[in-house]
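Heads up, the thing below is written out as structure tokens.
The values are calculated or read from the model by the stated rules, or taken from the named source; none is laboratory data. Given the structure is predicted, the values throughout are model-derived calculations rather than measurements. Note that each Cβ is placed from the backbone with ideal geometry, even for glycine, and that neighbours are counted across all protein chains shown. Accessible surface areas use protein heavy atoms only, side chains included; no ligands, DNA or RNA. Shrake-Rupley method; radii C 1.70, N 1.55, O 1.52, S 1.80 Å.
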Amino acid sequence: MNSERPHGATAISPAAAIVIIGAGQAGGWAAQTLRSEGFTGRLVLIGDETHPPYERPSLSKTVLAGEAAPASTWLLKPEAFEALRLEWWVDSRVVRIDRGAKCLEMSDGELLSYDKLILCTGGKARALAVPGADTTPSYTLRTIGDALSLAPELRPGRSIVVIGGGWIGLEVAATARQKGAEVTVVEAQGRLCERTVPPEISGHLLGLHGAHGTRVMLGAHITGIAQDADGLSVVTLADGNTLTCHAIVAGVGLVPNDALARDAGLECDGGVIVDKSCRTSDPDILAAGDVAVTPNPWAGRHLRLESWQNAQEQGIAAARAALGLPVDYAPLPWFWSDQYGMNLQIYGFPLPSHRVVARGTPSGDSFLLFHLDGDDVVQAAVGANAARDLRFARRLIEQRRQVDPDRLADPNVPMARQ
Ligand SMILES: Cc1cc2nc3c(=O)[nH]c(=O)nc-3n(C[C@H](O)[C@H](O)[C@H](O)COP(=O)(O)OP(=O)(O)OC[C@H]3O[C@@H](n4cnc5c(N)ncnc54)[C@H](O)[C@@H]3O)c2cc1C
């Protein structure tokens, strides 16, 4: 067992069983970490999909475009399960947690005992909630299966309406345009990705999609969807206008899979609430990834992160905490998106109260925006095609150091010398 175990922390018994619900990215990392940290007991990874744990980012990018095989997303190859002595319960669904008996009930009635339980159940794509949604075919994108069903729609001669101008919607729009489909993005808010980026970035995204021939409708509310006599889909807007298309894709957010936890009486609020050691309100149950609501010192509040980084790092942290190792999970949040060859990255939480300092022009191909608080300390950074400089920006944020805004804005002053 790892030497970092503090005096007094209880080592988990070799006869113990650790069960992970959710064989996604966080679950896959939790399983690998339990073994790499020396856990020798029974280890069970339960997933209701038919694939080994996989990473989802390329589902809206290269896999959707047909440029990468679904298997390229796998985090663990099936051969690895034996080496890890990991029981992978594939296509298996947990329907109930009995905390008193420390036992799980599967959809086929089978029971499974646990000593420690890690919830990595992620989330599901939010369904459209407009009249006609239950009778009109539409696509969402969360799984490999979703990407494989949507991909054939993205070709010349097809028209796609993407509902939602957030990250998934915009990545689908970019891939669809690159595959030759006509694309309209309908966004209810006044700008793209309004919840996560400053207006400069929303403007940049708008210009980027417009330049590639995508029609973007902002502040547009949908009042219903339907299928016409020719089998085409019709989207009706609040102003009475309609959009007719071959396929509707809904990118309207994620609903955390926290029903198991709620039904078991664990504290939940838009996800499963955990502390900085990834523990839920039951000390034998931990949670990680998209389903976990975590105290985040960078945001100064509890929140749920939906990102590749968080799925990996919190999966690792939860596994360590399950073994009694010290865990203080507080990574600086990092997210990226790829659209039309542009790589956008965000470190930290850009807030409207921040002063924004630009390095490069947000209408150009490569630029960085720094978000400074009232003391000229960098709190967040957003960059397009600026991966190298962003690594320095990350360091500035983590060091919580005061900066000179004029030097920061000057591309002639290297980031290493800020
Ligand atoms: C299309 C797409 C593109 C993305 N692109 C980016 C990106 O560019 N950058 C970035 O930072 N992040 C991106 N993300 C986000 C990132 O992929 C997620 O944050 C990450 O996958 C979350 O991992 P997770 O393990 O928490 O959840 P998931 O990967 O959702 O895994 C949860 C698993 O648990 C299973 N499960 C749920 N309930 C049960 C149950 N009761 N019994 C058994 N199994 C159950 C689910 O079916 C699922 O397989 C993207 C996500 C998507 C969908």
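Return the long-range amide H neighbours of SER92 (sequence gap of 5 or more, or a different chain), with a cut-off of under 5 Å between placed amide H atoms. For SER92, whose amide H was placed from the backbone, the distant partners under 5 Å are GLY47, ASP48, GLU49. Sites listed here are trypsin sites (Lys or Arg not before Pro) in the range 185-293 whose DSSP assignment is loop and whose Cβ has at most 10 other Cβ atoms within 10 Å: ARG195.
Phi-derived couplings, Karplus 6.51 cos²θ - 1.76 cosθ + 1.60 at θ = phi - 60°, listed residue by residue for the range 293-302: 9, 10, x, 10, x, 6, 9, x, 7, 6 Hz, with x used for Gly and Pro.
With K and R counted +1 and D and E -1, the other residues having a Cβ less than 12 Å from that of HIS302 yield a net charge of 0.
As a fraction of the 1.4 Å probe accessible area of the range 127-250, surface on carbon and sulfur atoms comes out at 51 percent. Using a cut-off of 21 Å between Cα atoms, the listed pairs LYS61/LYS124; LYS61/LYS179; LYS124/LYS276 include LYS124/LYS276 as exceeding that distance. Tell me, rounded to the nearest percent, the portion of alpha carbon pairs in the range 127-250 spaced more than 19 Å apart. When every Cα pair of the range 127-250 is considered, 44 percent fall beyond 19 Å.
Within the assembled protein chains, the solvent-accessible surface assigned to GLU82 is about 150 Å², based on a 1.4 Å probe.
Size estimate for the chain follows the Kirkwood approach: the inverse of mean 1/r over distinct Cα pairs works out to 22.9 Å. Of the beta bridges in the chain, as assigned by DSSP with both residues counted there, near 60 percent are antiparallel. Sequence-ordered 3J(HN,Hα) estimates for the range 249-258 from the Karplus curve with 6.51, -1.76 and 1.60 and θ = phi - 60° stand at 10, 9, x, 10, x, 10, 10, x, 7, 10 Hz, glycine and proline given as x. Quick one: pull the percent of accessible area on the range 341-417 belonging to carbon and sulfur, 1.4 Å probe, ligands and nucleic acids left out. Accessible surface attributable to carbon and sulfur in the range 341-417 totals 45 percent.
In a shell of Cβ-Cβ distance under 11 Å around PRO411, excluding PRO411 itself, what net charge do Lys and Arg (+1) and Asp and Glu (-1) give? So the environment of PRO411 carries a net charge of 0. Between the range 117-190 and the range 257-332, the alpha-carbon centres lie 28 Å apart. Among the trypsin sites (Lys or Arg not before Pro) in the range 346-418, those placed in a DSSP loop whose Cβ has at most 14 other Cβ atoms within 10 Å are ARG400, ARG401.
With protein chains left intact and a 1.4 Å probe, residues in the range 127-250 average 43 Å² of accessible area per residue. For GLY122, neighbours were defined as the other residues whose beta-carbon sits under 14 Å from its Cβ, and their charges (Lys and Arg +1, Asp and Glu -1) total -1.
Output the antiparallel fraction of DSSP beta bridges having both residues in the range 127-250, as a percent to the nearest 5. Around 40 percent antiparallel, to the nearest 5.
Computed from the C-beta positions of ALA211 and ALA101 and an R0 of 60 Å, the FRET efficiency is 0.50 to the nearest 0.05. For THR73, the solvent-accessible surface computed with a 1.4 Å probe is close to 10 Å², ligands and nucleic acids excluded.
Accessible surface for PHE81 stands near 10 Å², nearest 10, in the context of the full protein assembly shown (1.4 Å probe).
What is the calculated FRET efficiency for VAL377 to TRP308, with r their C-beta to C-beta distance and R₀ = 25 Å, to the nearest 0.05? In this case the efficiency is close to 0.40.
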